Amino acid sequence: MNPNGTSAVRLAVDRTACAGHGLCYGGWPDVLDCDDQGDPVVLRDPLGTEAEVESARSAALACPERALTVESV
Ligand code: SF4
């Protein structure tokens, strides 16, 4: 729970499910980047703004492998 009384939200990557084709970090670079192997890296944990949460949700919906999960912490 943050000072605003709402839960923090994080974006999780399931590396075993990820195929590494880059759709997520190519489409939503405000919340995701890639490492040297081409695997996605979440830029901020927990996510910092409502806009980042929306980007994370969009990226999770777009991931064809269902490797991204938006979760409350
Ligand atoms: S879109 Fe999904 S499968 Fe593709 S790199 Fe991102 S997390 Fe991995």
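The values are calculated or read from the model by the stated rules, or taken from the named source; none is laboratory data. It should be emphasised that the depicted structure is a prediction, and the values quoted were computed from it without experimental measurement. The protein model used for the area step is the full one, side chains on, heavy atoms only, and it has no ligands, DNA or RNA in it. Shrake-Rupley method; radii C 1.70, N 1.55, O 1.52, S 1.80 Å.
Of all accessible surface on the chain at a 1.4 Å probe, what whole percent is carbon and sulfur?
C and S atoms contribute 49 percent here.
Using only alpha carbon pairs under 8 Å that are at least six residues apart, calculate the relative contact order of the chain and give it in whole percent. Don't skip to the end; give the middle numbers.
Working: 117 pairs, mean separation 31.6, N = 73.
The normalised contact order for the chain reaches 43 percent.
Return the sequence-ordered ³J(HN,Hα) values of the stretch 25-42 in whole Hz as given by the Karplus equation 6.51 cos²θ - 1.76 cosθ + 1.60 applied to θ = phi - 60°, using x for Gly and Pro.
Coupling constants for the stretch 25-42: 6, x, x, 10, x, 6, 10, 9, 10, 10, 8, 5, 8, x, 8, x, 10, 6 Hz.
Could you list which residues have their amide H under 5 Å from that of LEU32, counting only those 5 or more apart in sequence or on another chain, with H placed in the peptide plane?
Here the answer is LEU43, since their amide H atoms fall under 5 Å of that of LEU32.
So which residue, out of ASP30, ASP39, ASP14, gets the largest mean-square fluctuation from a GNM of the chain using Cα contacts under 10 Å as springs?
In this elastic network of the chain, the residue with the biggest mean-square fluctuation among ASP30, ASP39, ASP14 is ASP14.
Between helix 50-62 and the chain, what is the angle of the helix's C-alpha long axis to the longest principal axis, kept within 0 to 90° and rounded to the nearest 10?
For helix 50-62, the angle is close to 30 degrees.
When the helix-only estimate is applied to the chain (DSSP H runs of n ≥ 4, each -39,500 (n - 2.57), divided by the residue count), what is the mean residue ellipticity at 222 nm, nearest 500 deg cm²/dmol?
Values: 2 runs with 18 residues, N = 73.
Rounded to the nearest 500, it is -7000 deg cm²/dmol.
For the chain, what does the accessible surface come to per residue with a 1.4 Å probe? Please give it in Å².
Here the residues of the chain average 61 Å² of exposed surface.
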